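*Asks:* To start, I am sharing the structure in question, which I have written as structure tokens.
The values are calculated or read from the model by the stated rules, or taken from the named source; none is laboratory data. Everything numeric in this text was worked out from a predicted model, so none of it was measured. Note that we place each Cβ from the backbone using ideal geometry, even for glycine, and neighbour counts take in every protein chain shown. Surface areas here come from the heavy atoms of the whole protein model, side chains and all, with no ligands, DNA or RNA. Shrake-Rupley method; radii C 1.70, N 1.55, O 1.52, S 1.80 Å.
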Amino acid sequence: MINIEKTRNFQIDEPTVVTIGKFDGRHLGHQKLIGRMMEIKETYGYKAAVFTFSVAPADLVQGKSHTVITTNQERRNNLQKIGIDYLVEYPFTKEAAHMEAERFVKEILVDRMGMRAIVVGPDCGFGYKRSGNAALLEKLSGVYGYHLEVIEKRKDEDRDISSSYVREELDKGEIEKANALLGEPYYIHGQVVHGNHIGEPILGFPTANLLPPGEKHLPPFGVYVSRVLIDGQFYGGITNIGRKPTIKTKDGVSPVGVETFIFDYEGDLYGREIEVGLLHYVRPERKMAGLEELKEQIARDKDFGRAFLAGKEGILENAPSVTREKNGGWRA
């Protein structure tokens with residue numbers, strides 16, 4: 001996949017089928033839309049291209065920050081796995097915010113992205129104050145010579161599947177429900193960093209630590225059964241999300257972290273990228289009386305995790321064929 005970012009001056013010199021949006025979380029609604037894109041790509045030989053902004057426009061227009069289900073890097077990973085050929089992460093500047101809708105279609109989608117077809121949802125919005133919509137795309141299709149398809153939203157009973165819906169379920173700790181809407185486990189992607197080094201020498205449990213960026217939308221602090229993607233292979237695990245209140249630090253404050261004990265894995269992971277997918281909420285994070293109680297609780301969590309995974313046939317199979325760069329090491 002060719003990722004075009006941090007520039008307004010680009011050119012795609014191939015005919016494309018395009019879609020536009022934030023694509024926060026690759027939920028079933030997104031999958032339906034992109035699935036149709038890929039059918040058009042296969043039928044007509046167009047390249048599949050996604051247009052999005054590097055920063056959500058609402059963040060800058062409203063002057064406040066919103067968390068996201070998938071970070072920009074996670075979004076790139078998702079779209080690459082799907083088979084998208086071009087991802088345009090356009091800088092959201094004052095000029096971009098005030099671009100009229102028809103100008104956006106002509107100058108960006110048609111002229112710069114080589115658009116021959118576009119697939120959108122019925123509520124798509126673009127251009128200054130989101131003045132552009134599916135009706136305008138239909139009107140302009142005859143002017144600029146592209147094909148338009150409007151894909152009805154995927155529903156969960158009577159509710160549209162959306163990123164907002166997924167966030168609601170995550171906030172409630174309803175991981176299985178969020179995963180059902182996503183069509184895959186909610187995951188955190190990151191580089192394994194050094195923790196406090198008490199896992200293996202003191203507790204006897206080596207762990208891999210991630211520090212998610214501040215914009216990552218996390219579920220409630222607590223312990224989760226998880227699966228971990230390493231070098232294209234899934235491993236079971238047990239993951240704690242939170243501030244590890246039992247562990248004393250020099251300044252008394254621990255950053256929000258994602259700490260995972262990975263079942264049946266031996267090797268160095270420090271500095272390498274992994275994905276931790278959450279499967280089931282086990283319990284809330286809580287402060288233990290001391291390290292001995294913590295050790296006993298982790299042992300119980302591990303037993304629960306193994307039992308849970310044993311009852312989920314195939315959940316650790318069919319890992320995507322993604323090659324990870326072997327650029328670091330890990331020992332807890």
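*Asks:* Cβ-Cβ below 8 Å, separation at least six or inter-chain, first residue in the stretch 292-308 and in contact (Cβ under 8 Å) with a residue 40 or more places away in the chain, second in a helix (DSSP H, G or I) and open to solvent by less than 60 Å² (accessible area, probe 1.4 Å): which pairs?
*Replies:* Listed pairs, sorted by first residue: L294/L203; K295/L203; I298/L203.
*Asks:* Picking from F23, F53, F10, which residue would you name as being among the hydrophobic types (A, V, I, L, M, F, W, C) and modelled with pLDDT of 95 or more? Explain how you work it out, then say what you get.
*Replies:* Numbers: F23 fails: modelled with pLDDT of 95 or more; F53 fails: modelled with pLDDT of 95 or more.
Going through F23, F53, F10 in turn, the sole match is F10.
*Asks:* How many of the residues making up the stretch 56-74 are at pLDDT 90 or above, of a type outside the set (V, I, T) and surrounded by fewer than 20 Cβ atoms within 10 Å (Cβ to Cβ)?
*Replies:* Filtering the stretch 56-74 down to residues at pLDDT 90 or above leaves 67-74.
Imposing the further condition that a residue be of a type outside the set (V, I, T) reduces the set to 72-74.
Applying the additional criterion that residues be surrounded by fewer than 20 Cβ atoms within 10 Å (Cβ to Cβ) yields 72-73.
Result for the stretch 56-74: 2.
*Asks:* Mind listing whichever residues of the stretch 277-297 are exposed (fewer than 15 other Cβ atoms within 10 Å of the Cβ) and of a type in the set (A, V, I, L, M)?
*Replies:* Selection gives A289, L291.
*Asks:* If you check I298 against the conditions, is it closer than 27 Å to D171 by Cβ, among the aliphatic types (A, V, I, L, M) and at pLDDT below 95?
*Replies:* Numbers: closer than 27 Å to D171 by Cβ: yes; among the aliphatic types (A, V, I, L, M): yes; at pLDDT below 95: yes.
In short, yes.
*Asks:* Which condition from (1) more than 24 Å from R76 (Cα to Cα); (2) open to solvent by 30 Å² or more (accessible area, probe 1.4 Å); (3) touching a Phe, Trp or Tyr at 6+ places or on another chain (Cβ under 8 Å) is the one that Y235 breaks?
*Replies:* Result: Y235 passes all but (1).
*Asks:* Tell me, which residue of the stretch 301-324 that is surrounded by 10 or more Cβ atoms within 10 Å (Cβ to Cβ) and charged (D, E, K, R) is modelled with the lowest pLDDT?
*Replies:* Once the filter is applied, the top-ranked residue is R324.
*Asks:* Return only the number of the condition from (1) touching a residue at least 60 places away in the same chain (Cβ under 8 Å); (2) at positive phi; (3) crowded, with 17+ Cβ neighbours inside 10 Å that K6 does not satisfy.
*Replies:* It is condition (3) that K6 fails.
*Asks:* Could I ask something else about it? Got a number for residues in the stretch 152-192 being touching a Pro at 6+ places or on another chain (Cβ under 8 Å) and either open to solvent by less than 50 Å² (accessible area, probe 1.4 Å) or of a type in the set (A, V, I, L, M) (or both)?
*Replies:* Residues that pass the stated criteria total 8.
*Asks:* Right, another one. Is at least one residue of the stretch 75-93 of a type in the set (S, T, N, Q), over 24 Å from P122 (Cα atoms), surrounded by 18 or more Cβ atoms within 10 Å (Cβ to Cβ) and modelled with pLDDT under 95?
*Replies:* Residues of the stretch 75-93 of a type in the set (S, T, N, Q): 77-78, 80, 93.
Imposing the further condition that a residue be over 24 Å from P122 (Cα atoms) reduces the set to 77, 80, 93.
Now restrict to residues that are surrounded by 18 or more Cβ atoms within 10 Å (Cβ to Cβ): 77.
Those left that are additionally modelled with pLDDT under 95: 77.
Yes; the residues of the stretch 75-93 include at least one that is of a type in the set (S, T, N, Q), over 24 Å from P122 (Cα atoms), surrounded by 18 or more Cβ atoms within 10 Å (Cβ to Cβ) and modelled with pLDDT under 95.
*Asks:* Would a scan of the stretch 41-54 turn up a residue that is part of a helix (DSSP H, G or I) and closer than 30 Å to P185 by Cβ? Spell out how you get there, then give the answer.
*Replies:* Our first condition is that a residue be part of a helix (DSSP H, G or I); within the stretch 41-54, this holds for 41-44.
Filter once more, so that each one left must be closer than 30 Å to P185 by Cβ: 41-42.
Checked against the condition, which is being part of a helix (DSSP H, G or I) and closer than 30 Å to P185 by Cβ, the stretch 41-54 yields at least one hit.
*Asks:* In the stretch 176-206, which residues are at pLDDT 95 or above and assigned to a helix (DSSP H, G or I)?
*Replies:* Once the filter is applied, which keeps residues that are at pLDDT 95 or above and assigned to a helix (DSSP H, G or I), the stretch 176-206 yields E176, K177, A178, N179, A180, L181, L182.
*Asks:* Taking the stated definitions as given, is L136 of a type in the set (A, V, I, L, M, F, W, C), at pLDDT 95 or above, surrounded by fewer than 20 Cβ atoms within 10 Å (Cβ to Cβ) and not in a helix (DSSP H, G or I)? Before the answer, list the steps.
*Replies:* Numbers: of a type in the set (A, V, I, L, M, F, W, C): yes; at pLDDT 95 or above: yes; surrounded by fewer than 20 Cβ atoms within 10 Å (Cβ to Cβ): yes; not in a helix (DSSP H, G or I): no.
Criteria not met by L136.
*Asks:* Another question about this same structure. Under the condition of being outside any helix (DSSP H, G or I) and open to solvent by 40 Å² or more (accessible area, probe 1.4 Å), which residue from the stretch 139-148 is nearest to I40 (Cα to Cα)?
*Replies:* We begin by selecting, within the stretch 139-148, every residue outside any helix (DSSP H, G or I); these are 145-148.
So of that shortlist, the ones also open to solvent by 40 Å² or more (accessible area, probe 1.4 Å) come out as 145, 147.
Values: G145: 16, H147: 10 Å.
Restricting to residues being outside any helix (DSSP H, G or I) and open to solvent by 40 Å² or more (accessible area, probe 1.4 Å), the top hit is H147.
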